[in-house]
Amino acid sequence: MQSGALCHIIDYRYMKVSIIIPVYNEASQLSACLRAIAAQTVAPCEVIVVDNNSSDMSVKVANAYDFVTILHEPRQGVVHARTRGFDAAQGDIIARIDADSLLPEDWIASVKAVFKNQDIDAVSGVAQYYNVAAAGFFNAIDLFFRRRLSRQLGDRVFLWGANMALRREAWQHVKPQLCSKVGLHEDFDIAIHLQELGGQVVFDERLEAQVSSRRIDTGFASFMNYVWASPRTYAKHKIRSRWHMYTVVGLCAIGYLPVRIMHRGYDPKRDCFAWSRVFAPSTAMQRVDPTANVA
């Protein structure tokens, strides 16, 4: 497949964008995510929430928004929920976010602007973390390493499922090649196989999304297993550029404790850090590791 060749006749102004949200026990996060979508200056053509065997009120939350289509995927794992949603999408562009993604009001407009470039097949963007003290500092570090990896990885840049989009034709071509194994990042896997087919995947800073810092609120071994999935996915596909990711793995190991403290101590009502919250029992739902939650 040549980059963008299948979609060159589509005028970007009339592109239809579908948003897919895989959901597993995300009742506490989903409403804010959907409110942000409702506030878009350019509306998506559809919003598909794919329920992946939730045992909480996720489906009820999604049902409260009349622009949402709810699908159900019985096979456990975000990889299966993603595929169910992507296959059902009717838009020219399939956008993918997480249930804790909060999109700025111009996000759909930015997606369409990116795909004005007919050579681009898939794009991922910037993370802006919330629910953590000193968010600006952590956002700056995250952006530094995303820029660095984008330069180092070159034509092997990854996709990030909380803030990404790809052409529907690109999805249809790459789908037969994809992996569904435990321990791999399914969004990285899409990028790798799409690039092997000649597709162009890019990192574009115009595409920003706020995401929760709750991933850090778990045990060290569990967190590092998730982090190691990045180079592990590249190693599985025998891509040498995985070595560029080991700096990030080391940074995550060093930064785990202070970042978790800043997350646990964050007081959202006062928008500040409070030591008393660090040692208080957590009532928030921990996020399931998508690399392990696969049946």
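The values are calculated or read from the model by the stated rules, or taken from the named source; none is laboratory data. If you're wondering where the values come from, they're calculated on a predicted model, not measured in any experiment. In this analysis, Cβ positions are derived from the backbone assuming ideal geometry, glycine residues included, and neighbour counts consider all displayed protein chains.
Figures for the structure shown
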read-out: Long-range neighbours under 7 Å by Cβ, at least six apart or interchain, first residue closer than 16 Å to residue 161 by Cα within region 12-30, second part of a strand (DSSP E or B) and among the basic types (Lys, Arg); value: 20/96
read-out: Any hit, region 126-149, residues being assigned to a loop (DSSP other than H, G, I, E, B) and either under 25 Å from residue 292 (Cβ atoms) or charged (D, E, K, R) (or both); value: yes
read-out: Residue within region 6-22 that is of a type outside the set (Phe, Trp, Tyr), surrounded by 15 or more Cβ atoms within 10 Å (Cβ to Cβ), at pLDDT 95 or above and within 12 Å of residue 62 (Cα to Cα) present; value: yes
read-out: Selection from region 20-63 of residues that are assigned to a loop (DSSP other than H, G, I, E, B) and within 15 Å of the chain's Cα centre (by Cα); value: 24, 26
read-out: Boolean, residue 57 is at pLDDT 95 or above and more than 18 Å from residue 103 (Cα to Cα); value: yes
read-out: Selection status of residue 118, modelled with pLDDT under 95 and in a loop (DSSP other than H, G, I, E, B); value: yes
read-out: Search result, residues across region 64-82 that are of a type in the set (A, V, I, L, M, F, W, C) and part of a loop (DSSP other than H, G, I, E, B); value: 64, 67
read-out: Failed condition for residue 169, given (1) within 26 Å of residue 229 (Cβ to Cβ); (2) over 18 Å from the mean Cα position of the chain (by Cα); (3) not in a loop (DSSP other than H, G, I, E, B); value: (1)
read-out: Test for residue 125: is it modelled with pLDDT under 95, within 24 Å of residue 157 (Cα to Cα) and surrounded by 17 or more Cβ atoms within 10 Å (Cβ to Cβ); value: no
